[in-house]
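The values are calculated or read from the model by the stated rules, or taken from the named source; none is laboratory data. Every value quoted in this text rests on a predicted model; they were computed, and no experiment measured them. Cβ: placed from backbone, ideal geometry, glycine included. Neighbour counts: every protein chain shown. To get the accessible areas, we keep the full protein, side chains included, count just its heavy atoms, and leave off ligands, DNA and RNA. Shrake-Rupley method; radii C 1.70, N 1.55, O 1.52, S 1.80 Å.
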Amino acid sequence: MAPNARPIYYELSQTDALGLLSRHHVGRLAFTFHDRVDIEPISFVFRDGWIYARTSTGAKLEVVRHNPWVAFEIDEIESRFDWRSVVIHGTIYFLDASGSDRERETYAAALEVIRSVDAETLTPVDPAPHRSTLFRIHADRIIGRASRTAE
């Protein structure tokens, strides 16, 4: 950055924010329980207003089952003052392959979306077979922010 250059901060258009979500497949999931906040990296696919992902069983699942409101973030960073970021606020929904007809259809559709990026998901050659719980997050609110250096 030139000595006199100053960063300009601005909101991304909805189109630019959605484009950023479509280009990336690793983000961070933030969730709370009582007085504790946690952030975990996850791989994901964004499609039609939903984040689709999978995880393994454990404490994180129990926490978000009790408090399903989450935040999700991705970034593109070129330098200290040249970056783009998108934050989604929404509700997490766990998908069940053995539930009602509608739940099974939703699960199958989610699996298809995830396999569009990782075809080995939940197959015999899955590199992460322990991550067997599928979920999706509805993007209730999408906020994109960015910074660039002034020219």
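What the table shows:
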item	result
Helix-only mean residue ellipticity at 222 nm for the chain, each DSSP H run of n ≥ 4 adding -39500 (n - 2.57), per residue, nearest 500	-6500 deg cm²/dmol
Whole-percent pair-distance distribution, where bins are 10 Å wide, for the alpha carbons of the chain	11, 36, 32, 15, 6, 1, 0
Surface share of carbon and sulfur [accessible, 1.4 angstrom probe, percent] for the range 1-130	53
Computed accessible area, Val125, all protein chains, 1.4 angstrom probe, square angstrom	100
Size descriptor, Kirkwood hydrodynamic radius, that averages inverse alpha-carbon separations across the range 1-78, Å	14.8
Estimated inter-spin distance, Asp75 and His89, nm [label 7 Å along Cα→Cβ]	2.1
Loop-located trypsin sites (Lys or Arg not before Pro) in the range 48-133 whose Cβ has at most 12 other Cβ within 10 Å (DSSP)	Arg80
Label point distance in nm, Arg148-Val125, each placed 7 Å from Cα along Cα→Cβ	4.2
